There are 2 protein chains.
Amino acid sequence: MNRLFLFQWFLLLLLFIFTKTSISSKPHKIPRLTPLPKNIIQDPNTITSSSSNLPKEFETYYYNQTLDHFNYGPKSYSIFKQRYIINSKYWGGSNSSSPIFAYLGAEAPIDGDILGIGFLTDFAPRFKALLVYMEHRYYGKSRPFGTMEEVLKDEDTRGYFNSEQAIADYAELLLHIKEKYSAQNSPIIVIGGSYGGMLASWFRMKYPHIALGALASSAPILYFDNITPQNGYYSIVSKDFKEASKSCYRTIRKSWSIIDKIASRKNGLSYLSRKFKTCSHLNDSFELKDYLDTTYAKVAQYNNPPSYPVTVVCGGIDGAPKGSHILDRIFAGIVAHQGNQSCYNTSNIPNETSLGWEWQTCSEMVMPIGRGKKDTMFFSSPFNLDDFIDDCKSKYGVSPRPHWITTYYGGHDIKLILHKFASNIIFSNGLRDPYSCAGVLKNISHSLQAVYTRNGSHCLDILSAKPTDPEWLTMQRNTEVEIIEGWITKYHADLNALKHGKKP
Amino acid sequence: MNRLFLFQWFLLLLLFIFTKTSISSKPHKIPRLTPLPKNIIQDPNTITSSSSNLPKEFETYYYNQTLDHFNYGPKSYSIFKQRYIINSKYWGGSNSSSPIFAYLGAEAPIDGDILGIGFLTDFAPRFKALLVYMEHRYYGKSRPFGTMEEVLKDEDTRGYFNSEQAIADYAELLLHIKEKYSAQNSPIIVIGGSYGGMLASWFRMKYPHIALGALASSAPILYFDNITPQNGYYSIVSKDFKEASKSCYRTIRKSWSIIDKIASRKNGLSYLSRKFKTCSHLNDSFELKDYLDTTYAKVAQYNNPPSYPVTVVCGGIDGAPKGSHILDRIFAGIVAHQGNQSCYNTSNIPNETSLGWEWQTCSEMVMPIGRGKKDTMFFSSPFNLDDFIDDCKSKYGVSPRPHWITTYYGGHDIKLILHKFASNIIFSNGLRDPYSCAGVLKNISHSLQAVYTRNGSHCLDILSAKPTDPEWLTMQRNTEVEIIEGWITKYHADLNALKHGKKP
């Protein structure tokens, strides 16, 4: 088993842990906002490392960041330490006007992303770029108060934990870095993936005077306020499986009612627990269904080359001995994916990412992701906003604001609104990524471009280039880089023209 | 004396009251951010009226507004009543796609502006527009807590009193109004003057999905962070006087040292108090100089046709009997402007506008306006940021954030940044308005247009049309309206094209 393979496994495991968090308390009622756009890019060798273990060209700093950018009350004059990491190995220097590539951290400690997001280091030499990695407030070492658990318990401190404050942090910090490195003529390109990709596109829209352009990888900015149909995510998961194997798809589709039927029998749950070798006795049929559902979702989302985990799972399901029972086939799929284990863990341990993101979804990042029987291979489980709000209230005592994201950032009628407003954003997607259903897949204008691949998965384009990468992936990256190069060239030409009093 | 004349007087008096506020405590040290872009458009007949005295087509409503849009702490779930006024007399109706003209309230109760800002009612019939007037948070009847004095004393409540929260209010409220009036296809044009003009341009930049375009009248968006030279404002005041009369300009220029000289003599201040008929004995020479300076600034800012107050003041100064002492000439200018009074009041009474704006300038609206001897007719009084910060600290216990406005809204290199970003903003100015020094006076792109008049004053274009209006003013308004009409026509064409699957 090579290292890449191990890496995949690890990611899937992480996603699984993450995905499960919000369900256990109220099965069937609370729809999942996850599988989350997260933990996609962390190398198992770096995820537990602190930034002190990074190669020496990555230097760690802390900025005294404003706690509340939009308030002049006593608390907002508090500051907190925001971590950022600089790599100036490739940089052309302060007088060269070489660009700054700024990675916008998402809902995780920044450490894990630095080596995983190879896009920056891979293309830095070509641009002589200064690399900046900024940690998202409240994650990793950029948390104002105590542990994540402590922060979320305190209704005062958790209030400042949101996307508007986070991108304002990035604005303030990037201006600070420009000054610190005397890089006034260095255009900034912001780069992010998934939630971080949303932040990147929003940052360019809100702070065009700070970022020249944005690469927003797998950013489902249209999964709010019912712009995208609820079933979009699970429809693509289903399509991925159907494309891999129709018989595999059919087997999964049939399995849910069989699980329910067996679970409803006397000792049915014991039977299922044994059949699926669960580490602890199943509490109800949902627990098993959710475990399976999550596995299918994550393998679809991170269906990366060269192993293509959807194919691996379906290989197990289809490859079971002829005449096998449907549930034996399903289990064979799990074994093919997870490997032979003494038992399979259906429960989860919360981590700072799952906890933090749960708060973010219960405040503003309300993404109504549901499952319908009609267009998916899953059991029906629609998103119900009222139930979701009730659940958040019971957890935090406050209601989410489900319309705020579209009020602040827009999203409805995006083509009509943006075709004559904004510029220099690449919306990159892989169409096999379930989140691509809520991505921007058509060019909005000549400078708001959709760059996608038919076979790509979540955030694949910004991961490190590998010798095994298929040609379409290399081409996608090259297209993106050429667009960015075009922005930078035009920027310098405009700057030069303005200096000489000409029209840009 | 006709009504218009009375109106002028009243405005100037208000401005004077307003302008003085921040000086008295620390003369010479604290530079004025005022003369403020305010009280320009209030009709003396309406300024004290509550909205219940408005013509019946103006209907008053209150919206349950979110106190803190950028925080999910306990306080931010508080709501306050935000006042807004609707005039649907001219509106084409919900299915007509007729536009919405939305006036963004500035640093005053909204009542006074409604009849004064004639631009909306004058052009509503042509567009069949729905008219909306929204009051700025913390002014008028839209104050969350108690009186302005009480609000500003409380470090918690005053924290939410800023421009980012105010434009977020407008965003939320406009979406509410669109829903309430079933006006989903009605494009919104935001209109504002002075500080409200800044808000209008910023609103279009930050919320392009809510406003199709903005008319930003006399918006000094470049008077932050030293983008505009400090002396810009007073240079234009001086130029206005010089253009009206060189001898008048020279008289004023010479007067300051004479005042200082006399004041330094024994009983000098008594002499000056008598000479200028001050209502109370002058405390120092600065009090008189400041009174005069403020008068000159306000007459320059509101040098409106048909009376042109700069000409009136200079008429008094130049028209004094031959051989008159310089100070007699100066006083004659005051009398020409203010009329014959038993005494002239050099002190001021704070009002909610002056108090509220003082807080806004001491938090984020830090406009470094100074006076230099070189290029103005005034005594030297440069803006000193450190002194300003100290003064704000002593008043409120907190420091202003002088770089925040440019961090959030931009401003530096505006042509470079915006010529390929944003669209549909008219920056209108009158070049005789001292604030025009910090306005956008050149087209940035074909849809970010500067429309100015050589002889115009502060916010003149959005005031009600009058039979006495000079042709250049009528032409300016027509140009603006034609640009807006172009936006709306294009919007409907784009909407239609998109409906039929064509490229916009």
| message | Taking each residue in B:204-214, count the Cβ atoms of any other chain within 10 Å of its Cβ, then average. What number comes out? | response | 4
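Apply the a/c threshold of 1.5 to the C-alpha gyration tensor of region A:197-248 and tell me whether it is rounded, prolate or oblate. Present the calculation step by step, with values, prior to reporting the outcome.
Working: a/c = 7.17, a/b = 2.43, b/c = 2.95.
Because a/c hits 1.5 or more and a/b fails to exceed b/c, region A:197-248 counts as oblate.
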| task | Please list, in chain and number order, the residues 5+ apart from residue B:103 or on another chain whose amide H is under 5 Å from its amide H, with Hs placed from the backbone. | result | B:132, B:133, B:134, B:191
| DSSP bridge orientation in chain B - percent antiparallel, rounded to nearest 5 | 35
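Quick check on the exposure proxy: order A:198, A:475 from fewest to most C-beta atoms within 10 angstrom. List each step's numbers first, then the result.
Values: A:198 29, A:475 13.
Going from least to most buried by this count: A:475, A:198.
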| said: Please report the spacing between the Cα centers of region B:280-338 and region B:490-504 in Å, no decimals. | reply: 57
| task | Sort shortest first the distances from residue B:179 to its counterpart in every other copy, using label points 7 Å along the Cα-to-beta-carbon line, and give them in nm. | result | 4.1
| note | For region A:203-211, in residue order, the Karplus 3J(HN,Hα) values (coefficients 6.51, -1.76, 1.60; θ = phi - 60°; whole Hz; Gly and Pro = x) are 4, 4, 5, 8, 10, x, 7, 10, 10
| request: Report, for region B:368-473, the % of DSSP beta bridges that are antiparallel, rounded to 5. | output: 20
| message | I need the inter-copy label distances for residue B:399: point set 7 Å along Cα to C-beta, values in nm with one decimal, smallest first. | response | 4.0
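Would you order B:440, A:398 from fewest to most other beta-carbon atoms within 10 Å of each residue's own beta-carbon?
Values: B:440 25, A:398 19.
Neighbour counts put them in this order, fewest first: A:398, B:440.
Sum up the charges of everything whose Cβ sits under 10 Å from the Cβ of residue A:71, counting Lys and Arg as +1 and Asp and Glu as -1, but leave residue A:71 out.
-1
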| In the protein assembly as shown, which cysteines lack any other cysteine Cβ under 4.7 Å from their own? | A:437, A:459, B:437, B:459
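What FRET efficiency would be calculated for the residue pair residue B:485, residue A:267, taking the C-beta separation as r and a Förster radius of 60 Å, to the nearest 0.05? Mind showing how you got there, number by number?
Working: r = 76 Å, r/R0 = 1.27.
Taking R0 as 60 Å, the efficiency between residue B:485 and residue A:267 is 0.20.
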| said: Give the separation of the Cα centroids, region A:380-443 to region A:445-485, in Å. | reply: 23
| query | Which of the trypsin sites (Lys or Arg not before Pro) found in region B:277-371 are loop residues per DSSP with 11 or fewer other Cβ atoms within 10 Å of their Cβ? | reply | B:322
| query | If you project the alpha carbons of region A:155-224 onto their three principal axes, what span does each projection cover, largest first, in Å? | reply | 38, 31, 16
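Give me D for the protein assembly as shown in µm² s⁻¹, whole number, from Stokes-Einstein with Rh from the Kirkwood sum over alpha-carbon pairs, 4 °C and 1.567 mPa s. Let's see the in-between values first.
Details: Rh = 30.9 Å.
Rounded, D is 42 µm²/s.
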| field | Cβ-Cβ FRET estimate between residue B:254 and residue A:78, R0 fixed at 56 Å, reported to 0.05 | value | 0.60
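For the residues A:326, A:86, A:114, what sequence is obtained by ranking on other C-beta atoms within 10 Å, fewest first? Please list the in-between numbers first.
Numbers: A:326 16, A:86 20, A:114 26.
Placing the least packed residue first, the sequence is A:326, A:86, A:114.
If you build the convex hull over the alpha carbons only and average its shadow over all orientations, what do you get for region B:288-413? Give it in nm² to one decimal. Before the final figure, lay out the partial values.
Values: hull surface 44.7 nm².
Over every viewing direction, the Cα hull of region B:288-413 projects on average to 11.2 nm².
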| note | For chain A, longest principal axis from Cα atoms; helix A:163-180 axis from its Cα atoms; angle between them, nearest 10 degrees, is 40
| query | So what is the orientation-averaged projected area of region B:433-482, using the convex hull of its C-alpha atoms, in nm²? | reply | 3.8
| query | Which far-off residues, 5 or more places away or on another chain, put their amide H under 5 Å from the one on residue B:429, with H placed in the peptide plane? | reply | B:218, B:451, B:452, B:453
| field | Loop-located GluC sites (Glu not before Pro) in region A:137-236 whose Cβ has at most 16 other Cβ within 10 Å (DSSP) | value | A:155
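Kindly state, as a whole number, the per residue volume in cubic angstrom of the convex hull around the alpha carbon atoms of region B:217-340.
On the way: hull volume 16.3 nm³, N = 124.
In region B:217-340, the Cα convex hull volume per residue is 131 Å³.
Please label the shape of region A:364-437 as rounded, prolate or oblate, based on the square roots a ≥ b ≥ c of the eigenvalues of the alpha-carbon gyration tensor (a/c under 1.5 means rounded; beyond that, a/b larger than b/c means prolate, else oblate). Kindly include the intermediate steps, with their values, before the conclusion.
Values: a/c = 2.65, a/b = 1.29, b/c = 2.06.
Oblate is the answer for region A:364-437, as a/c is 1.5 or above yet b/c matches or exceeds a/b.
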| request: Largest first and to the nearest Å, give the Cα extent of region A:54-190 along each principal axis. | output: 47, 30, 21
| task | Between copies, how far apart are the residue A:375 label points? List them in nm, one decimal, shortest first, with each point 7 Å from Cα toward Cβ, please? | result | 6.2
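Please state the shape class of region B:221-260: rounded when a/c is under 1.5, otherwise prolate if a/b exceeds b/c and oblate if not, all from the C-alpha gyration tensor. If you can, show how the numbers build up before the last one.
Details: a/c = 5.22, a/b = 1.83, b/c = 2.86.
Oblate is the answer for region B:221-260, as a/c is 1.5 or above yet b/c matches or exceeds a/b.
Restricting the count to DSSP beta bridges whose residues both fall in the protein assembly as shown, what percent are antiparallel, rounded to a multiple of 5? Walk me through the numbers before you get to the answer.
Numbers: 30 of 82 bridges.
Antiparallel bridges: around 35 percent, rounded to the nearest 5.
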| request: Based solely on C-alpha atoms, express the radius of gyration and the Dmax of chain A in angstrom. | output: 22.9, 85
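Taken together, the values in this text are just the output of simple stated rules run on the coordinates, not laboratory data. Predicted, not measured: the structure shown is a model, and the values here were computed from it. We place every Cβ from the backbone using ideal geometry, glycine too, and count neighbours over all the protein chains shown.
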